[in-house]
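Only the coordinates and a few stated rules stand behind these numbers; no lab work does. Quick caveat: nothing in here was measured; it's all calculated off a predicted structure. Cβ placement follows ideal geometry from the backbone for every residue including glycine, while neighbour counts extend to all protein chains displayed.
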Ligand code: SF4
Ligand code: SF4
Ligand code: FES
């Protein structure tokens, strides 16, 4: 324990704690920009400067550890002046776009300008100009709005271990960008959007599909269908100040209907379908000595990573399309036929927690003939904007039920939205398939939680399965290296590119608090626990779908409609 | 051929980045894109970081260098003596901007913060030669000194074009 004084308040802090954290522990807020929780400080922005008695200059509190008897002033006139100057310099080199900016009212630079009372332009001068990078299907990079805090660089390099973007040049010309300033679409980027979640401004943002979707809704010839991913229902309420982890499924369905969607279905239905296909594929691989371990394929960020970096392991990736693509495919085949709608008129919009899904829905092979399985993807954030635009008061909406038959789902599908969930759901069904009996204990605690790599072994009627759950793409490399070396002990591996899984996807409400992720996860496990049916193979609508249309899991027809193939993107990127 | 240089380094040794960049540059006089990619792969560093380091330090160049390097001093003393006019005259005469190389690869034009010859400001250097107390009128003569007959014709055409 170390005793110090901050703003005349006696503080007991732990050895090694930073001034920033010590201040926080007694309710003193110090502004930060470059600081990222759980990563080593860089001291780049200096906005967290404080006065430490006996030290000549100001001290960056995010990087400086406390010591015994330290006397700190976090809010002296000198500190305030310094911070204000920093903010002024940032603002003067920033486009004056607030009114038309997608981050208006959710921008850390705006907040600081307000907090430090900027009322005049003291440093007007040359400002940087940069082209906007719109090359990727998922994201936009607008370096003119970048304040060079480096948070995106660090998340991409240190957490995701991709390193698609970095600081280049120096001084006035420094800019965070891709190598040779080329488009994100031909960089190492996997479009996970984790950088968007940490960006304090709108320098990084999703590519919006609102225009296309609203056009489709206004087109009388289109039969518009929305589907909602498991992870969206547990986070969207945050944008309306509801408690963390509030389940807003019922309001979402009502809201989407009010936007004009003819039908609102649940991606969870297709998650159950995915499990039927994936569990069968796994059992087939294990029983017939085919390529193992098998990776899950629900996460398009992970798939893109494998295609770009390790094309030699693509055989290990399950051939199943991701759930929302399966839902789209079934809508444009089975459902269209059943309802007597021309599939060309169906317009499927996926509400997703994810930025990569936009890229995924553009993949040419994810289509029935020439019709894309999914026509457009909206992130959680975009949907909120849509509701606002349409004058829908989300918080006051009554609840309603999904349409059927593609709206029914089980608890197994609900947990798809969190790291470990796909694995758990698959095991429940694999157990049943192999033994003909239901598991008595449905919860697999060992694959839950926020660990980067979670492992377990399960023995099902004499068959021992070693499983692993990779949480965050930054943790996948060692596992792949093992496979390449022929030393992998696993049979089945789940990978989600975003730390925490889709619940913390790049399209989710923007927050800067890692502890939020756990609360969101809990909400999904809660939905699962409260479900009547908690195993995918007990989804009645899925059973009917097989009986009426697909036949068996992994049948020829199922393969045609629900499975896909992958490409060596390393070659594509290098040429 | 830059891969031969790699032999002197440990694979995945991230601390070798700057020396390796230096070695490769002395091989080609600049850092080709292919070489940066190979360095990134060899050291296990993302290309973005290799590119970031290569663009941070002035000593590294990413475009091929001309046979003759002209450096225009833009330090304070030279600035006061209107070195910006010299730069503009050179850019016009050579048809390139500072930081670029002529198409025939005969000249590379650069600016430097201070050459350290303030007493003869404004000053430029061509390769290791200093030219001080210059005025715009001196520029054509200096360029001529470093231009072969054949190249001269090309440069003159350019100059005419930009005059027109
Ligand atoms: S989207 Fe993901 S991979 Fe791409 S730059 Fe951002 S953090 Fe890196
Ligand atoms: S793009 Fe955003 S997160 Fe990245 S350095 Fe710029 S302001 Fe910071
Ligand atoms: S937050 Fe401390 S230096 Fe940037």
(message) How much length would be gained if the chain were fully extended between residue A:80 and residue A:466, taking 0.36 nm per residue of separation minus their Cα-Cα distance, in nm to one decimal?
(response) 133.3 nm
(request) Give me A:78, B:61, A:233 ranked fewest to most by other Cβ atoms within 10 Å of their Cβ, as a rough exposure proxy. (result) A:78, B:61, A:233
(request) Per residue of A:11-22, count partner chain C-beta atoms within 10 Å of its C-beta, then hand back the mean as an integer. (result) 0
(request) Can you tell me the 0 to 90 degree angle between the C-alpha axis of helix A:421-435 and the longest principal axis of chain A, rounded to 10? (result) 20 degrees
(message) Semi-axes of the equivalent ellipsoid for chain B, please: Cα gyration tensor eigenvalues, times 5, square-rooted, ordered largest first, whole Å.
(response) 35, 19, 13
(message) Bin width 10 Å, origin at 0, all Cα-Cα pairs of the range B:3-56: what percent of pairs per bin?
(response) 26, 66, 8
(request) Distance between Cα centroids, the range A:157-173 to the range A:86-100: provide it in whole Å. (result) 22 Å
(request) Could you work out how far apart the two model spin labels at residue A:548 and residue A:15 are, taking each label as a point 7 Å from the Cα in the direction of the beta carbon, and quote it in nm? (result) 6.9 nm
(message) At a threshold of 8 angstrom on Cα-Cα distance, excluding pairs fewer than six apart, so keeping six or more, what relative contact order does chain B reach in percent?
(response) 19 percent
(message) Per DSSP helix of 4 or more residues, -39500 (n - 2.57); summed, then divided by the residues of chain A. What does that give at 222 nm, rounded to the nearest 500?
(response) -9000 deg cm²/dmol
(message) To make sure I understand, if each residue's beta carbon is the centre and we count other beta carbons within 10 Å, what order do B:92, A:418 fall in, fewest to most?
(response) B:92, A:418
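Which whole number gives the average, over all residues in B:54-64, of C-beta atoms from other chains lying within 10 Å of the residue C-beta?
Per residue, the average neighbour count from other chains is 2.
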(message) What FRET efficiency comes out for residue A:98 versus residue B:58 if R0 is 30 angstrom and r is the Cβ-Cβ distance? Round to the nearest 0.05.
(response) 0.25
(message) Taking 41 Å as R0, compute the FRET efficiency from the Cβ-Cβ separation of residue A:338 and residue A:484 and round it to 0.05.
(response) 0.35
(message) Rounded to whole Å, give me the distance from the Cα center of the range A:33-74 to that of the range A:517-543.
(response) 45 Å
(message) Binning at 10 angstrom from zero up to the longest distance, how are the C-alpha pair distances of the range A:226-348 distributed in percent?
(response) 12, 30, 31, 21, 6, 0
(message) Could you tell me how far the Cα centroid of the range A:206-247 sits from the Cα centroid of the range A:303-369, in Å?
(response) 18 Å
(request) With r as the distance between the Cβ atoms of residue A:574 and residue B:28 and R0 = 22 Å, compute the FRET efficiency 1/(1 + (r/R0)^6) and round to 0.05. (result) 0.65
(message) Highest mean first, how do A:45-54, A:116-125, A:553-562 rank when packing is the count of other Cβ atoms within 10 Å averaged over residues?
(response) A:45-54, A:553-562, A:116-125
(message) Of the candidates B:122, B:64, B:19, which one comes out as most mobile in a Gaussian network treatment of chain B with C-alpha springs shorter than 10 Å?
(response) B:19
(message) I need B:26, B:83 ordered by Cβ neighbour count within 10 Å, fewest first.
(response) B:26, B:83
(request) Just order A:145-152, A:168-175 by mean Cβ neighbour count inside 10 Å, highest at the front, would you? (result) A:145-152, A:168-175
(request) Evaluate peptide B:42-51: per residue, the Cβ atoms of other protein chains within 10 Å of its Cβ; return the mean as an integer. (result) 6
(message) I'd like the orientation of helix A:380-389 relative to chain A: the angle between its Cα long axis and the longest Cα principal axis, in ° from 0 to 90, rounded to 10.
(response) 80 degrees
(message) Binning at 10 angstrom from zero up to the longest distance, how are the C-alpha pair distances of the range A:2-75 distributed in percent?
(response) 22, 59, 19
(request) Treat chain A as a sphere of radius equal to its Kirkwood radius over Cα pairs and apply Stokes-Einstein at 4 °C in a medium of 1.567 mPa s; give the translational diffusion coefficient in µm²/s, rounded to a whole number. (result) 52 µm²/s
(message) I'd like the orientation of helix A:249-259 relative to chain A: the angle between its Cα long axis and the longest Cα principal axis, in ° from 0 to 90, rounded to 10.
(response) 90 degrees
